[in-house]
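Have a look at the structure below, then the notes.
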Amino acid sequence: MFRSATASSLASRFFISINHPRIAPLTIPLASFTNHAPIPANGTNHHLHQNGSNKDDYNRRKQRTAGSLHFIAASSFLSWFSKKSDDENTPESQLITIIKRSILSIQKEEYQKAEQMLHLALKMAQDLQSKDGITYIYDIMANLAMEVGDFAKAEKLFVNVMQRLFSDGFLEDHIKMLHISSKVAHLAQLQGHLDKAAQGFEWTLAKLEEKLKQLGDDNGKEIRELWGITKNWYAQLLMESKRFAEAKQAFLQAYEAYTEIHGMLTEEGLTILNNLSVACSNLEDYASAERFLKEAIALAAQIPDLSEAGVYKANLGLLYLQQGLLRQASEFCTFAWRYGKQHKHEETVQQASYCLEQIKAMEK
């Protein structure tokens, strides 16, 4: 005799919704040292470019983000650096070298070393009275704090950066401000302040949508990307608030925006597909949940050594279990367990083991 389980209990306990914390680009690319002009008060700048929310979960999952903070601003940094004097003995060039080395340390996940170098760079920038340099270093510090899961510190630093930009004449809807607004909302979410996070996301998305209406498709790439990142974070918040239908729509919009810019063969895109499936499973839309998971699995097969491929398989097995399809559930969860063992991916092993235990219990 099979033991039944309710759809709601399976949906709430089984499926892993991966929070892939892709950090938005640095607020202030280093190129801004020489181009730090605020947006005119009466004009538009046409060159503007789940579900874990606690600290432990964030730190565990952030290892998946090779290329988030590691390091989106590198091209902007090198572009600005190449314009400077070749004389490496000037104080300004030495400052840039220290900042560059701190970025490389972050790429290598040498976070303590990066922190020390950034404090040294900050003192150098203060001695040079480089207002823009100080703001830029604070922005890197904020992103670093966010990367290592020190959310309170990150929020404080981002607020500091925003205040400095305000003092320079930037308006609240400037792209730099909107980058920070999105991150501060995400930080509120990660700290469990869901109402504050919702207000921040909704305000930021409204401002971004206004800008997208003003700009043509050719000029709105950065706005579109930030809108997609913010939509993805907002969807994770909606999942936490059990607003699954809204979360599904937000994930769909985020996925469209992300793949439009970065293509389909990316870890972040597959994470959104997985989370779409989780939203659908909570809505008991099993056909859509299966479709999104199968699409994620097919795409994951084209990305070498992707650890999350096992999670997707385990989730599909659990989806079949939720519908009482024990043979299919056993097939996918067994594969996921072996995959997790082979790749030493503990989360996949745990998910698959739980699935297999439930199958045995239901077969009694």
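The values are calculated or read from the model by the stated rules, or taken from the named source; none is laboratory data. Please read all numbers here as calculations on a predicted model, not as lab measurements. Don't worry about glycine lacking a Cβ; one is built from the backbone with ideal geometry, like all the others, and counts go over all protein chains shown. Accessible surface is based on the protein model in full, side chains and every heavy atom, while ligands, DNA and RNA are left aside. Shrake-Rupley method; radii C 1.70, N 1.55, O 1.52, S 1.80 Å.
Quick one: how many Å² of K123 are accessible to a 1.4 Å probe, rounded to 10?
Counting only protein heavy atoms, the figure is 120 Å².
Please compute the alpha carbon radius of gyration of segment 264-363, then divide it by the globular-protein estimate 2.2 N^0.38 Å. Two decimals is fine.
Segment 264-363 yields a ratio of 0.99.
Can you tell me which of 338-344, 314-320 comes out highest on packing, and rank the rest after it, using the mean Cβ neighbours within 10 Å?
Result, highest mean first: 314-320, 338-344.
For segment 87-193, what does the accessible surface come to per residue with a 1.4 Å probe? Please give it in Å².
41
Where does the charge balance sit around S241 when Lys and Arg score +1, Asp and Glu -1, over other residues with C-beta under 14 Å from its C-beta?
0
Using 0.36 nm per residue of separation minus the Cα-Cα distance, give me the extension gain between T97 and A298 in nm, one decimal.
Working it through step by step, the gained length comes to 68.1 nm.
Below 14 angstrom from the Cβ of M177, what's the summed charge of the other residues (Lys, Arg +1; Asp, Glu -1)?
-1
Over segment 264-363, with every protein chain in place, what whole percent of the accessible area is carbon and sulfur at 1.4 Å, could you tell me?
51
What accessible area per residue comes out for segment 264-363, rounded to a whole number of Å², with a 1.4 Å probe?
That works out to 42 Å² for each residue.
Quick check: the distance between the Cα centres of segment 100-166 and segment 296-347, to the nearest angstrom?
A separation of 39 Å, based on Cα centres.
Quick one: compute the contact order of segment 264-363, relative version, from alpha carbon pairs under 8 angstrom and 6+ residues apart, as a percent.
In percent, rounded to a whole number, it is 21.
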